[in-house]
1. For ILE138, what charge total do you get from the other residues with a beta carbon under 13 Å from its beta carbon, if Lys and Arg give +1 and Asp and Glu give -1?
2. Based on C-alpha coordinates, I'd like the Rg and Dmax of segment 52-160, in Å.
3. In terms of the ratio Rg/(2.2 N^0.38 Å) built on C-alpha atoms, what value belongs to the chain?
4. Could you give the size of the charge dipole of the chain about its Cα centre, using +1 on the Cβ of each K and R and -1 on the Cβ of each D and E, expressed in debye and rounded to the nearest 20?
5. With unit charges on the beta carbons (Lys and Arg positive, Asp and Glu negative) and the dipole taken about the Cα centre of segment 72-198, which residue among SER101, PHE79, LEU137 sits farthest to the positive side?
6. So what's the gap between the Cα centers of segment 29-60 and segment 82-141, to the nearest angstrom?
7. Whole-Hz ³J(HN,Hα) for each residue in segment 182-198, computed from phi via Karplus 6.51 cos²θ - 1.76 cosθ + 1.60 with θ = phi - 60°, x for glycine and proline: what do you get?
8. Averaged across orientations, what area in nm² does the convex hull of the alpha carbons in segment 95-136 project?
Amino acid sequence: MSHVVCNFLGGAVRVESDVQALKHNMYELEYAISIKDFERAKNVSRLIKSSIENIENEINFLTNAATSVYYKHINTIKFLYKPVEVSDPYKGNYLENYSKSRTSELESSGAKEGHDSFWLEHSVLNANVFGLVPVDLIPNEASKALKNLGWIETDVDVLDFGQKDSDLKNIYSFCKQSFENYVALKEQQTNSTIVLMFAS
């Protein structure tokens, strides 16, 4: 049996073990609360958090092993994005009109400077989201104005896929299969492939 297969099976066993530990700790938490033992409840809550983190890491490992695509979650940040309102944005001149509308809304809201500063440091490689800006880079009033124009605020997981350009085809395929809304970027400063994975 190969080393990769052994690791894969070992990961599956660890996930099952962590799930069982999580179930046990959930019962423990319920019991501790029912008898008003809040110190015990706090300790069990910490164990639950640890179990959930372990499960998430093992699932990522199993996904990576199955697809040969490896990444690490490096951050979660808030973005505003302009939704696409058609099923196929590539039909006709929809994207051209969308782009004009996006630029106009960024300018009128006062968000264009923050938007441009982010995109000067990142270039799009592959995406199914077309208008987005990090909330922290724009003024609060600009954020409110964009929301009034129909932009949506969401949490975005920042995933680092590393610097190997030879993996790009697999990364694109993985993103299309795995994420409903995403943008794959090249980060200019580090030359890493970064994927912004949007919450559904």
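1. Net local charge, ILE138 excluded: -3.
2. In order Rg, Dmax, the Cα atoms of segment 52-160 give 16.6, 47 Å.
3. Ratio of Cα Rg to 2.2 N^0.38 Å: 1.29.
4. So the dipole magnitude of the chain works out to roughly 160 debye.
5. So the residue we want is SER101.
6. 41
7. Ordered by residue, 3J(HN,Hα) equals 7, 9, 9, 10, 9, 7, 4, 5, 9, 6, 8, 8, 10, 10, 8, 9, 7 Hz.
8. Numbers: hull surface 12.9 nm².
If I average the Cα hull's projected area over directions, I get 3.2 nm².
Every number in this text was worked out from the coordinates using simple rules, so none of it is lab data. What you see is a predicted model; the values in this text were computed from it and never measured. We place every Cβ from the backbone using ideal geometry, glycine too, and count neighbours over all the protein chains shown.
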